[in-house]
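Okay, so here's the structure we're looking at.
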Amino acid sequence: MRAETFSGYQGLKLIELPKPAVADGKVLVRMTAAGVTPLDHTILSGKFHGSKAPLVLGNEGAGVVEDGGGTDFPAGSRVMFFGGYGAFEDGTDSEWVAVRKEDLCLIPDNVNDVSAAGIPVAYLTAQVALTLAGFRAGKTVLAPAIGGSIGNAVTQLSRALGAKHAISSTTNHAKAEQAKALGFNEVIDTSLGKLGDGVRRITSGYGADIVIDGIGGEVLSEALGLLALGGSLTTLGYSASRQTTIDVTNLIVPQASIRGLNMFAQPKASIRAAWKVIVSLLKSGAIKPIVAKTFPLVEAVDALRYLIEGRPFGRVVLTI
C-alpha cells in the first residue's frame, strides 16, 4: 500500500512491487501485521520532513524471517521491528520488507503477531523517554492520553517498573470508564475536571517528577505547570497541536526542564537496552499491548481514517 503522492488519503494506492533482495546485512521478512501510526497520516498529509513520494508507509510491524537472519534470527523466527521504514524508505504496509538485522527483535511466545505489530513504536519510545528522563522506582509519572499509544505505553511501563504514581488522562468519559475496567486506576477524566486538579489530588499536591507528552498544544502547557521540584517534561508528539504557549515560571520556580525526543535520532545501544526491558515485561505479562481494531491491508485508508478520526482506545493494526 504505497503513497503515490502526499495528498491525503487519496494518495494511497495498492500496487505490485518485486520482492526485495536480501543484501548488505538485511533480512527478508514476510510481513504478517503492520502497526498504523499518526506518523503515517503526517507523512501522507505532506507535513513530515525528509519523506519523499512514492513511499510505502508503515513504521513498525511483525512478521516471519524468510532469509538472511543467520543464527540470531533463523528462518521461521517471528520478529517485530521499527526504524526509518515508512518514513525514509519503504515501510511495513507490504507483503515483504528487507529489514536491517539490528532493527529486529524476537517476539515472545506469549505475544501474537497482531499485538506485536503495535509494540515497537509505542513501547520503544516510552522506554527511551523514561530512561532519558531518569526514571527509577518511586518516581511519579504523568503521560496524558491513556487511549493513545504513547500515553498507554508510558503508563504501563512506569507502573510495571515501580512508579509511585503512573498517571494518565482522557478527554472522553467512555475512555475513562474503559481505562478503569482495564485496571488503569490513576486516569484523570478531563471531561469532568481539570488535568491539574486531578494530578494534585492523586499526588497530594506533589505533582509529577516526569511528564512524557505525545499530545502537544494546551496539554503540554498545562502539564508543564504540574512538574515537581527538579521535574522534567519530554515532548515527542503533536497530535493536538504543534504550537503552545508556556509560562516560563513553570520551569524557573521548580528548576524543571523540558526536552524533545526524536526516535529516529536515538543510538542503537539505547534501542537495544529498551528492547531488553520491554521483552522481559512482555514475557512476564507485566505489560500488555491493547489492540482496538484490525483491518486487512487493502483497507489501509479506512484503518488510518479510523485511527485519526475515530481516536480509538488502543492500537490499529493492518493484517497482511
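For the reader, a short list of remarks on this structure follows.
- Search result, residues across region 305-320 that are among the β-branched types (Val, Ile, Thr) and within 13 Å of the chain's Cα centre (by Cα): VAL316, VAL317
- Residue selection: THR42 satisfies the criterion of being without any contact (Cβ under 8 Å) to a residue 12 or more places away in the chain and β-branched (Val, Ile, Thr).
- Residues of region 79-98 satisfying the condition of being closer than 20 Å to ALA23 by Cβ, open to solvent by 10 Å² or more (accessible area, probe 1.4 Å) and assigned to a strand (DSSP E or B): GLU89, TRP96, ALA98
- Remark: GLY162 falls outside the filter, which requires a residue to be part of a loop (DSSP other than H, G, I, E, B), modelled with pLDDT of 95 or more and closer than 21 Å to ARG272 by Cβ.
- Count of residues meeting criterion [among the aliphatic types (A, V, I, L, M), over 20 Å from ASN185 (Cα atoms) and touching a residue at least 60 places away in the same chain (Cβ under 8 Å)] in region 220-253: 2
- Test: VAL65 is among the aliphatic types (A, V, I, L, M), open to solvent by less than 20 Å² (accessible area, probe 1.4 Å), out of contact with any Lys or Arg (no Cβ under 9 Å at 6 or more places or on another chain) and outside any helix (DSSP H, G or I): no
- Test: ALA174 is out of contact with any Phe, Trp or Tyr (no Cβ under 9 Å at 6 or more places or on another chain), open to solvent by 10 Å² or more (accessible area, probe 1.4 Å) and without any contact (Cβ under 8 Å) to a residue 24 or more places away in the chain: no
- Pairs linking a residue in region 147-170 that is touching a residue at least 12 places away in the same chain (Cβ under 8 Å) and under 18 Å from PHE313 (Cβ atoms) to a residue that is part of a strand (DSSP E or B) and acidic (Asp, Glu), with Cβ atoms under 7 Å and 6 or more positions apart or on different chains, are THR170/ASP189.
- Positions within region 104-145 being more than 18 Å from GLY35 (Cα to Cα) and either assigned to a loop (DSSP other than H, G, I, E, B) or free of Cβ contacts under 8 Å to residues at least 12 places away in the same chain (or both), in sequence order: ASP109, ASN110, ALA133, GLY134, PHE135, ARG136, ALA137, GLY138, LYS139, ALA143, PRO144, ALA145
- Only one entry in GLY58, GLY76 is in a loop (DSSP other than H, G, I, E, B), of a type outside the set (Val, Ile, Thr), buried (at least 23 other Cβ atoms within 10 Å of the Cβ) and at pLDDT 95 or above, namely GLY58.
- Within region 125-146, the only residue that satisfies the criterion of being surrounded by fewer than 24 Cβ atoms within 10 Å (Cβ to Cβ) and under 13 Å from the mean Cα position of the chain (by Cα) is VAL128.
- Number of residues in region 56-83 that are under 17 Å from LYS268 (Cβ atoms) and out of contact with any helix residue (DSSP H, G or I) (no Cβ under 6 Å at 6 or more places or on another chain) equals 3.
- Qualifying residue in region 13-23 (condition: open to solvent by 40 Å² or more (accessible area, probe 1.4 Å), among the β-branched types (Val, Ile, Thr) and within 20 Å of PHE81 (Cα to Cα)): yes
- Filter result for ILE150 (surrounded by 19 or more Cβ atoms within 10 Å (Cβ to Cβ) and over 15 Å from the mean Cα position of the chain (by Cα)): no
- Exactly one residue out of ALA3, ALA33 is over 24 Å from GLY151 (Cα atoms) and of a type in the set (Gly, Ala, Ser), and it is ALA3.
- Set PHE313, PHE295: member being aromatic (Phe, Trp, Tyr), open to solvent by less than 70 Å² (accessible area, probe 1.4 Å), touching a strand residue (DSSP E or B) at 6+ places or on another chain (Cβ under 7 Å) and part of a loop (DSSP other than H, G, I, E, B): PHE313
The values are calculated or read from the model by the stated rules, or taken from the named source; none is laboratory data. Model, not experiment: these values are computed from the prediction. Cβ coordinates were reconstructed from backbone atoms using ideal geometry, including for glycine residues, and neighbour counts include every protein chain displayed. We work out accessible area using only protein heavy atoms, side chains counted, and drop any ligands, DNA or RNA first. Shrake-Rupley method; radii C 1.70, N 1.55, O 1.52, S 1.80 Å.
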